[in-house]
Amino acid sequence: MEFLGTTQVASYCGTKSHLFPDLAPTSTTKDTYQSYYPPGYRYLGSWRPSLPHKMVSVPPSPEKQFIPTGRPPTVLPALRSSLHARYSTRDWHHANMVQLKGSEASRYSAGRLNMDSMRLMQDMDQLTYQMQEDTRRNLGERISNLDFWRSELTYELECLLKETQALETIKKRLEYAVDEMQGPLKIALECLYQREKRQGMDLVHDDVEKNLIKEADVLKNCKETLIKFGQKVSQQLGINRDAQHALEQDLSDKNSAHVIDEKCFNLRNTSDSISFYYGVEKADATVSVPTTWAKFSEDNIRCSQHARANSVKLRQDAEVGLESTSEEMWNHYISTNLAFHNRIAEVAEAKNKLEVQLAKIRQEIVQTEDTIVLLERFTKGKEYSLKVAQTRLEGRTKRPNVELCRDAPQFQLVTEVYTLNNTLQTLKQRLQEAYDTLQKLVLNKSKLEHDISVKTNSFCIDKTCMDMRKVFPSTPRLIGYT
């Protein structure tokens, strides 16, 4: 785009004499110009080269005007006017001289105009070249600034994407860990329900039940803790995505601006894509200045860094939470299993003792039954002896008169009868005691058998619970690894 107009010191501007003064030495740099007007600006006093240059004719001096003597009157007949010349030789020479002077003045003025125009074109060319170089330098600096912020935004975006990916991984681990807790929690509750099937005295609030209740509570608390971590991670992921969107939008804008500025930087006067856009310099569509422009990207990077820092801290807290919950669950799992083993051993020991006692009771019952049989037989034998003694006494009562003597056989028979009666009474009492003892033994036998069945039921329940508890997630699965 070329500048229109000329300098205000041109000698041909304004009402001047036809004789041009000598040229004063001037500089060709833009510093000689006191004021600068953008292209298209028309100053009121500027010279318009499109106007034609008017030549001023020099009239002859009045004192030198020649009036020939004896000239015929002004009004002459048409035939007489062709016999007399209109001008004299002096007039002819004077006219030639005036014409030469006017031509010389016009030629000198044109020479001055050409020289001044050449100087103007040189100055304007130097000014245009200098301004284009300044613009290229500014565009180059702007492109360098864009490259710097593009690199900063790209680096921060890569770091943010890596952190977001790591946060998504920890979120998946939290979800996997929560899913893995469902199994142990169901097993703990199922063990509690199964142990409610114990009978009688075995429905005791023992260490196993206490540990199972505590384990279920720990599993629920750990599950809630990991769910809260998952919610915080989801919120942080939203913040990271907002920061990522801001960085990507800023980077996209800077890439577009870089392409545009680089295209402008590569434009030359010989480029094919240049054209006139009248009035474009009057439209100011800018929305920022270099300070706010740099601050915008700096704020985006700072926001991203803050989001990354919070994400790293949250990820570390979630990692610690996973490890602590896993360790806590394993500790309670081991303590519950230990309580189960101890309880199973106690039940087995009690069951074994009851079985040993039951065997002894059964043996004692057999012996008691044998004793009852012997007592019954012995009692039956003593009854026969009593019958003999009483029959003898009854037979001796039939002796006649004086023969009814209280002699030694009589005393012996009476003593025998009393002794046998006492013996039979003792035997019958002992037989009744044997029957009572046998009844107690049978009752104890039934109780022992019931207790043994209860212990067997409890033993089987605890063994079933232990079989269910063999399937417990490993530590890597509890901290979210698949």
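The values are calculated or read from the model by the stated rules, or taken from the named source; none is laboratory data. Source: prediction; values computed, not measured. Glycine also receives a Cβ, built like all others from the backbone with ideal geometry; neighbour counts cover every protein chain displayed. For accessibility, only protein heavy atoms count, side chains too; no ligands or nucleic acids. Shrake-Rupley method; radii C 1.70, N 1.55, O 1.52, S 1.80 Å.
For the residue pair Asp467 and Arg406, what label-to-label distance in nm results when each label sits 7 Å from Cα along the Cα-to-beta-carbon direction?
Going by the 7 Å Cα→Cβ label model, 8.5 nm.
Solvent-accessible area of Ile239, probe 1.4 Å, all protein chains present, reported in Å² to the nearest ten, please.
My reading of the accessible area for Ile239 is about 90 Å².
Taking 2.2 N^0.38 Å as the expected size of a compact globular protein, what ratio does the Cα radius of gyration of the range 175-297 give against it, to two decimals?
Taking the Cα Rg and dividing by 2.2 N^0.38 Å, one obtains 2.46.
Grab the other residues whose beta carbon is less than 9 angstrom from that of Phe265, score K and R as +1, D and E as -1, and report the net.
That sum, taken over residues with Cβ under 9 Å, equals +1.
Please get the size of the charge dipole for the range 346-479, origin at its Cα centre, with Cβ charges of +1 on Lys and Arg and -1 on Asp and Glu, quoted in debye to the nearest 20.
Using only the charged Cβ atoms, the result is roughly 100 debye.
Using 0.36 nm times the number of residues separating Lys353 and Asp217, minus their current alpha carbon distance, what extension gain do you get?
Working it through step by step, the gained length comes to 45.4 nm.
Enumerate by residue number the trypsin sites (Lys or Arg not before Pro) in the range 175-255 meeting two conditions: DSSP loop (anything except H, G, I, E, B), and at most 15 other Cβ atoms within 10 Å of the site's Cβ.
Here the trypsin sites (Lys or Arg not before Pro) that fit, given the DSSP loop and packing criteria, are Lys197.
Tell me, what is the FRET efficiency for Ser144 and Glu224 to the nearest 0.05, using R0 = 60 angstrom and their Cβ-Cβ distance as r?
Efficiency computed from Cβ-Cβ geometry: 0.65.
Rolling a 1.4 angstrom probe over the protein chains, ignoring ligands and nucleic acids, what is the accessible area of Trp149 in square angstrom, nearest 10?
Approximately 40 Å² for this residue.
Which loop chymotrypsin sites (Phe, Trp or Tyr not before Pro) in the range 199-298, with loop taken from DSSP, have no more than 10 other Cβ atoms within 10 angstrom of their Cβ?
Phe276, Tyr277, Tyr278
Ignoring ligands, DNA and RNA, how do His94, His258 rank by accessible area with a 1.4 Å probe, largest first?
Largest to smallest exposure gives the sequence His94, His258.
In whole Å, how far is the Cα centre of the range 338-368 from that of the range 150-177?
Here the answer is 64 Å between Cα centres.
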